[in-house]
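The values are calculated or read from the model by the stated rules, or taken from the named source; none is laboratory data. Nothing here was measured: the structure is a model prediction, and the numbers come from that model. Glycine also receives a Cβ, built like all others from the backbone with ideal geometry; neighbour counts cover every protein chain displayed. Ligands, DNA and RNA are excluded from the accessible area calculation, which covers all protein heavy atoms including side chains. Shrake-Rupley method; radii C 1.70, N 1.55, O 1.52, S 1.80 Å.
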Amino acid sequence: MSIEPLTYEQSVRLAVVTIREALKLGPERSSVSTTERIMVAFAACDRSLWLPESTSTTAKLWQQLDDRQREALTVYLKS
């Protein structure tokens, strides 16, 4: 049995689920990667809570996200 890679749409949906779950758990209890934490900070509109140590500009943080994460933010914010 082989495991098929996720399609782009599936990976976007998974990123939206990651956002929702991380927001439910909060920054201390969620176990997300660095770029996922940036994505969640944008979704929460709260950099100080999710990225307290970050001195990067919003533009630099945005550039660290991949296209899938940016699209997931768009999907999340429209829902």
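I'd like to check something: does the range 4-14 contain any residue that is open to solvent by 100 Å² or more (accessible area, probe 1.4 Å) and of a type in the set (A, V, I, L, M)?
Among the residues of the range 4-14, at least one is open to solvent by 100 Å² or more (accessible area, probe 1.4 Å) and of a type in the set (A, V, I, L, M), which makes the answer yes.
Which pairs have Cβ atoms under 8 Å, sit 6 or more apart or on different chains, and link a residue in the range 1-28 that is within 27 Å of residue 52 (Cβ to Cβ) to one that is open to solvent by 20 Å² or more (accessible area, probe 1.4 Å) and not in a helix (DSSP H, G or I)?
Correct list of pairs: 14/6; 16/79; 18/32; 22/32.
This table checks each residue for (1) open to solvent by 50 Å² or more (accessible area, probe 1.4 Å); (2) part of a loop (DSSP other than H, G, I, E, B).
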| residue | (1), (2) |
| --- | --- |
| 24 | yes, no |
| 27 | no, yes |
| 32 | no, yes |
| 40 | no, no |
| 49 | yes, no |
| 59 | yes, no |
| 70 | yes, no |
| 73 | no, no |
